[in-house]
Amino acid sequence: MIHHIELNVSNLERTRTFYDYLLPLLGYHFFQEWTEGFSYRKGKEYIVFVQTQPEFLEVDYHRKAAGLNHIAFHAASSFEVDAITEKMRQSGVSILYQDRHPYAGGSETYAVFMEDPDRLKIEVAVSESGG
């Protein structure tokens with residue numbers, strides 16, 4: 001079990017708008033807020049978002065460089081994936097891999113893929129093989 005994940009972000013306000021919409025759909029609730037960040041919690045796990053300091057904003061994040069590629073969240077069912085897909089589309093978020101959606105992750109994984117404001121890939125998936 002993960003205790004927490006902390007992400008440095010380029011624009012705290014844009015990031016907050018994205019995750020304020022997505023995370024409650026996944027059962028997370030708003031947890032903490034301070035001048036440079038905020039967090040969401042689900043059970044004992046939480047995700048922290050912190051504004052990147054100006055001197056480190058020069059280099060953009062890219063998921064194909066060394067480091068974090070993406071974060072995948074469990075969905076309860078394909079119906080939940082579909083509902084999240086539609087709600088995120090309605091909020092203006094582009095869905096990745098539309099030509100292969102909802103099986104872009106393979107034939108046994110029903111998922112939606114999107115990018116957060118810093119282009120971190122976010123996946124919401126349910127394994128249809130039960131794993």
Assign unit charges at the C-beta atoms only (+1 for Lys and Arg, -1 for Asp and Glu), then state the dipole size of region 1-103 relative to its Cα centre in Debye, rounded to the nearest 20. 300 debye
Out of all DSSP beta bridges in the chain, what portion is antiparallel? Express it as a percent rounded to 5. 65 percent
To the nearest 0.05, what FRET efficiency results for L68 and E115 with a Förster distance of 22 Å applied to their C-beta separation? 0.95
Surrounding net charge for P24, when Lys and Arg each add one and Asp and Glu each subtract one, Cβ distance under 11 Å: +1
What distance in nm lies between label points placed 7 Å from Cα along the C-beta direction at S78 and D99? 2.3 nm
Accessible carbon and sulfur surface of region 9-131 relative to its total accessible area, %, 1.4 Å: 51 percent
Ignoring ligands, DNA and RNA, what accessible area per residue does region 61-125 give at 1.4 Å, in Å²? 54 Å²
For semi-axes √(5λ) of the Cα gyration tensor in Å, which listed value, (i) 18, 17, 15; (ii) 25, 17, 14; (iii) 27, 15, 13, comes from the coordinates shown? (ii)
Hey, in the GNM for the chain with a 10 angstrom Cα cutoff, which one of S91, S39, S78 fluctuates hardest? S91
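The values are calculated or read from the model by the stated rules, or taken from the named source; none is laboratory data. Just so it is clear, the model here is predicted, and its values are computed rather than measured. Virtual Cβ from ideal backbone geometry, glycine too; neighbours counted across all protein chains shown. Side chains are part of the model used for accessible areas, which takes the heavy atoms of the whole protein and leaves out ligands, DNA and RNA. Shrake-Rupley method; radii C 1.70, N 1.55, O 1.52, S 1.80 Å.
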